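The values are calculated or read from the model by the stated rules, or taken from the named source; none is laboratory data. This one's a predicted model, so the numbers in the text were calculated from it and none came from an experiment. For neighbour counting, all protein chains shown are included, and Cβ atoms are generated from backbone atoms with ideal geometry for every residue, glycine included.
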Amino acid sequence: MSKDTTIAQVADILQANNNFLIFTHVNPDGDALGSSFSMLNALRNRAKSVDLYIQNKLPKVYSDIFTDDYYSDDVIIDFSKYDYFIFLDTSNEKRIALPSNLEFDKIKQKTINIDHHIDNSNFADTNYITESAACAEICFDILNFLRCDISAQIATYIMAGVIADTGCFRFNNTNSTTMKVAAKLLELGAEYQKIIINSFFSKPIELIKLEADLIHNSLQLEYNGKFAWCYLDDNLLSKYNINLKDIDGLIDAIRAIKGVEIALLITKRDESFKLSFRSKTPTISVGKIARALDGGGHELAAGATVNVSTLEELMTKVNEQVSIIL
């Protein structure tokens, strides 16, 4: 597996080959989708044969931004026609959303991994990892290096990814480079207002009611209010007819509470608990907590999946790690 790959080497691979299949991570967020759809369309505009696989239908919040031009669910794909698999915004092979008839260890194609997570495991044949605010920002750099024609639609996809992973430029991963990229995307015709309205000002009333119910009835405050967590169970999801894939951003309601330094949203996934952590302060790393629980992510936004029987057992493990940080 290659390390210290340059952008020129990535560009050479994309230029020299013609048949690509793009993957991203399970439960894709705006950055995963923005990266994937921008790369899909830009490479197609270069006369490449490119397809995209996403495990499930898109979250409702993104249905008006991204197209339905992708493989999903258990569709049968002829993998033999592809020269390369591209993995975007994915830190390790366990996080890749693959079809049920494809296992990572049995992939025969060459693979390239483009990502911005600092704990990326360099799992592909070629790995291009930079500490950018969003993977979509890296894709923008690559497409510019290739001198691709970035249409207003592609610029919108990239902008959606950048807005998602910076919280609309609120999070501390936002820097001058990110703002310069955003300015260039606006010049290229990115539909900034459409993204903002869809992402932040178009919540279904059911989701708002769920958020209020969750905070009112499930919020737990510990460590003198510095650690806040909620458990979102299936009953609450059913009560408001909300799908798990449509709760992106729900954790921000917990993080927004004054005095909270670490926010945690817990959901149930089959026999496991899925944890989503957020931190407000650079010196308080939820990435360390997540990695101690066999998860990963960024220092201020991370997650893990923990196989335990009860919520009580889970919180014992979580608090062991939170106590070290706080």
| Cβ pairs under 7 Å, 6+ apart, first in the stretch 183-198 and under 12 Å from Ile158 (Cβ atoms), second not in a helix (DSSP H, G or I) | Leu188/Ile150; Ile195/Ile65
| query | Within the stretch 246-280, restricting attention to residues that are among the charged types (D, E, K, R) and touching a strand residue (DSSP E or B) at 6+ places or on another chain (Cβ under 9 Å), which residue is modelled with the lowest pLDDT? | reply | Arg269
| Within the stretch 222-255, can you find the residues that are surrounded by 13 or more Cβ atoms within 10 Å (Cβ to Cβ) and part of a loop (DSSP other than H, G, I, E, B)? | Tyr223, Lys226, Asp233, Tyr240, Ile242, Ile247, Asp248, Gly249, Leu250
| task | Quick one: count up the residues across the stretch 281-314 that are part of a loop (DSSP other than H, G, I, E, B) and charged (D, E, K, R). | result | 2
| query | Hey, among Phe85, Phe104, which residue is surrounded by fewer than 17 Cβ atoms within 10 Å (Cβ to Cβ), of a type outside the set (D, E, K, R) and modelled with pLDDT of 95 or more? | reply | Phe104
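Listed here are the residues, each with its yes/no results for (1) of a type in the set (Lys, Arg); (2) assigned to a loop (DSSP other than H, G, I, E, B).
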{"site": "Ala32", "(1), (2)": "no, no"}
{"site": "Ser35", "(1), (2)": "no, no"}
{"site": "Asn41", "(1), (2)": "no, no"}
{"site": "Val50", "(1), (2)": "no, no"}
{"site": "Lys57", "(1), (2)": "yes, yes"}
{"site": "Val61", "(1), (2)": "no, no"}
{"site": "Ile76", "(1), (2)": "no, yes"}
{"site": "Ile86", "(1), (2)": "no, no"}
{"site": "Ile112", "(1), (2)": "no, no"}
| query | Counting only residues that are of a type outside the set (S, T, N, Q), surrounded by fewer than 16 Cβ atoms within 10 Å (Cβ to Cβ) and in contact with a helix residue (DSSP H, G or I) (Cβ under 7 Å, 6 or more places away or on another chain), how many does the stretch 42-60 have? | reply | 0
